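The values are calculated or read from the model by the stated rules, or taken from the named source; none is laboratory data. As the structure is a computational prediction, the values presented were derived from the model and not from experiment. With ideal geometry, Cβ positions are generated from the backbone for all residues, glycine too; neighbour counts draw on all protein chains shown. With ligands, DNA and RNA removed, areas are computed over all heavy atoms of the protein, side chains included. Shrake-Rupley method; radii C 1.70, N 1.55, O 1.52, S 1.80 Å.
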Amino acid sequence: MAADIPSTGNLRRNRHGRRRPRFDRLLAFCQSVPILLSVSCGSYFFAATTSSFSLQHPHSLSPPRISHPTQTSSLSMVQTMGSRGLSRYFQAILSRNRDRQRFVTGKYPVIVSVQENPTQKWLNKDSATSLLLVNDTTLDRSLASYDRFQWLDAVEQQELHDRYASISLELLAEVHMPKPGYVQILSSLGAGSSAEAVREHGSTTRWNRWQNSTLYQELFLDELLQRRKQQTPSLAVLPTQDRLWVTGFSLAGRKGFVKSMDVDTGHIESVNARSEAMTLWPNELSNVPKNLIGANSPGTYVLEDDALLVSDGFLVPGKDRGGIYVIQNPGNPHSEWTVSLTDREGERWFYHRAVWVDLTGDGRKSILTARAKLRKVAGSRTTDGNPFGFRFNAGGANDEDLRPKNGQLVWLEMPEPHHFDEATGTPLEEDGTEFDPFSLRHLPWREHVLARGPDVMFNIADMDTTDDTIEVISSQFFDKKVTLHSIKRGPKPRITFARVIDDRCGAAFGGILADLLGKRVDDSSINTDSVIIDTGSTVDSLKAGDSFSHVLVTSHECNYAENGSQRTSMMDIHADQTVHHNTHSPDHHISKSESMDGGSLFTYKVPEGKDAWKTEPWVRTTVASGFKVKGQLWNVINPGAPGFVYTFHAKLDDRQTGKRPLIVVAGDCAESAYIFRPEKVDLGSEAEGVDPEASYKLMCEIKCGATVGSIGVGYENLCSVEQESGYAKLYIPCYEKDKILVFALGSGEGEDGEDSESGYEARWHHAKSLLI
């Protein structure tokens, strides 16, 4: 796509007929550089065929980025000047989002509404058009305004930080992609790395076999990584960068979408048409680990991890024949290839997530996944408004055989090499060729059903590191319970223990392992009897081997907000400390047949003591409840709220210092994102049995006006926009609006001269120095 570059010969003259001063000629020269973020009156825009990227910053500077003229991507950066020809005075009248859209949280919840700015949309059709309203007023008039926060003295600001975990949030950018569903941050050194190497090198002719070969791309990738390491020689490990991965789907289309964006450059890439055609409703993504065969084998085989593991399918008819796919070299125009690890001609199963784990004890990393399917019952009709005729709420003791859902916990066994090379330890096939678990001879992988019940989301822990079992904690959506299964590792993995943690939680959906204690990482008092294998979250706030204290679960309920209520928000949601000691006691306040008034966010505290997790109750605390579905036209396909839950820290090193994490919840059909802050509890004044670590209060709700299916969290700076380094960036997808909102967190502490005229001129002098 060619850049829209205004000619310097057509520069507007002033009323005396003279050309504009040198300052404006410098601006025109900035516009003539195709890859350059420069000062403008509007927003920045990365244009592509189906995807684009708009920065909200009106006055940020970025160093020049010169693109290779032969790069394969159609992506280019264009400075949009929809208001070109108007004076600055009229531009200020017509456009109201010139200023940075920042606000600060405090003691009370901040309710933020994201709306479209019609004038900005008319002036700059290809630019960012979102406008923030805070507590139903504009930012400059809100008490949560970033500028008003600067009026407080240092003591008052510190009190807000200490007591209420006060942070600043800024709408940094919009990423325009079709129908974004799942968003997540993965390392740039994993999936998409070879595609990046091809872009850095430049595209080659299809006839140059050497430059298009896999070996050449690996050598060039190694050179690229070495250059990165030389740029930061003080670091002991190679610095990684964030890459945003997005999956999307369409109810009417016959293919899914898998796209990525380089956070550092803003480059948007997509998998090829074949890969998209193989997926119908792509859900969670994950990297393929480097070592699929561990050190316990006779040799160690390092598999290139430039690949994606994709879980696919959904309960919608026509999308329910899902599968587990591996996309090798995604985005690489020369070597991308997709294979299915499951039988595509078998039964109609759909999958939400899959995890690499060694179940056989020999170092082979197989796949553990949960799947579900719908089984239509002849003659049954829905009574709850379901348009597909399925009995989603079958009642009565004899209806178990008629239920249209079926969930399974499945082990996909990785193929075993025939033998290993005695000299190098390389795994080999029977014919002596190099072993490839994704080759056609090994597909599909062998399936083993370990248990019935788990259907959507799950996490994996080792509750007792001294035995040979691992535990799977599942959020069983269709059976409406939270369960635990112990899997004994060995040549034939099997379930040796199972229990129900909670069967009165409603339709359990998201479920992750979390550490809410807030202890320092090097604290010797941390219990290491129970460690994490997989948190169940796409946000890596905890790593494998870390300890955890709680399990967080969301209850995905379909209760609609009242008609005519335009202010339905988290202000109507109850956040309390409802504690249940025994979820199976007869006096429990929610019966199995009673419907819950909206979705909820629960925490379950891991029982303390040897094997207490097997026999003792997991104390449940209701953090928030009352999430309601917005009655929109598009919320007709299995609507519910809230969606997934995540934990993260506002700053990357907060966990190292012992700070408790923040909790963010994707509202799904509630069309909002919710951020909860930890609350300090005086243990002396609380009732016995209250879980103080589960005390959280709503800090901010971001009302997006579209389905928020997931949330991504990263810490790398977005391009070169002015922002606080080391703080989290929230990537919030708005499905019906075809965009992803990027919010940057910060400390709220302003810098001297940041918004002053002198500071503005200083940044301009810096820009001129870059161009001379």
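Annotations
- Matching residues in the range 310-338 - criterion: being touching a strand residue (DSSP E or B) at 6+ places or on another chain (Cβ under 7 Å) and aliphatic (A, V, I, L, M): VAL310, LEU315, ILE324, VAL326, ILE327
- Any hit, the range 641-653, residues being modelled with pLDDT under 90 and either assigned to a strand (DSSP E or B) or buried (at least 17 other Cβ atoms within 10 Å of the Cβ) (or both): yes
- Just one residue in the set LEU409, LEU374 is aliphatic (A, V, I, L, M), modelled with pLDDT of 95 or more and touching a Leu at 6+ places or on another chain (Cβ under 7 Å); that residue is LEU409.
- Matching residues, the range 269-294, being over 17 Å from ASP306 (Cα atoms), in contact with a Ser or Thr (Cβ under 6 Å, 6 or more places away or on another chain) and either assigned to a helix (DSSP H, G or I) or of a type in the set (Val, Ile, Thr) (or both): MET278
- In the range 530-549, the residue that is modelled with the lowest pLDDT out of those that are open to solvent by 20 Å² or more (accessible area, probe 1.4 Å) and either closer than 16 Å to LEU359 by Cα or not in a loop (DSSP other than H, G, I, E, B) (or both) is ALA544.
Every residue, every condition in (1) open to solvent by 20 Å² or more (accessible area, probe 1.4 Å); (2) at pLDDT below 95; (3) farther than 24 Å from GLU200 by Cβ, yes or no:
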| position | (1), (2), (3) |
| --- | --- |
| VAL263 | no, yes, no |
| GLU276 | no, yes, yes |
| PRO282 | no, no, yes |
| ASN287 | yes, yes, no |
| PRO298 | yes, yes, yes |
| TYR301 | yes, yes, yes |
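- Scanning the range 479-516 for residues that are under 23 Å from GLY626 (Cβ atoms) and among the aromatic types (Phe, Trp, Tyr) turns up just one, PHE509.
- Output for the range 478-518, where each listed residue is over 21 Å from HIS352 (Cβ atoms) and within 27 Å of the chain's Cα centre (by Cα): ASP515, LEU516, LEU517, GLY518
- Restricting attention to the range 655-673, the residues being hydroxyl-bearing (Ser, Thr, Tyr) and part of a loop (DSSP other than H, G, I, E, B) number 1.
- Failed item in (1) at pLDDT 95 or above; (2) open to solvent by less than 20 Å² (accessible area, probe 1.4 Å), with LYS488 passing the rest: (2)
Residue by residue, here is whether (1) at pLDDT 90 or above; (2) over 26 Å from PRO639 (Cα atoms); (3) surrounded by fewer than 23 Cβ atoms within 10 Å (Cβ to Cβ) holds:
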site	(1), (2), (3)
ASP691	no, yes, yes
SER695	yes, yes, yes
ILE702	yes, no, no
GLU716	yes, yes, yes
GLU722	no, yes, yes
TYR727	yes, yes, yes
PRO733	yes, no, no
VAL742	yes, no, no
GLY748	no, yes, yes
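- Filtered by the rule that a residue be open to solvent by 30 Å² or more (accessible area, probe 1.4 Å) and either of a type in the set (D, E, K, R) or within 30 Å of LYS680 (Cα to Cα) (or both), the range 169-198 gives a lone residue, LYS179.
- Evaluation of PRO607 against the conditions (1) modelled with pLDDT of 75 or more; (2) buried (at least 17 other Cβ atoms within 10 Å of the Cβ) shows that the sole unmet condition is (2).
- Residue ID - nearest to SER695 (Cα to Cα), chosen from residues in the range 138-168 that are in a helix (DSSP H, G or I) and open to solvent by less than 60 Å² (accessible area, probe 1.4 Å): TYR164
- Any hit, the range 339-347, residues being at pLDDT below 90, open to solvent by 10 Å² or more (accessible area, probe 1.4 Å) and either outside any loop (DSSP other than H, G, I, E, B) or under 20 Å from SER194 (Cβ atoms) (or both): no
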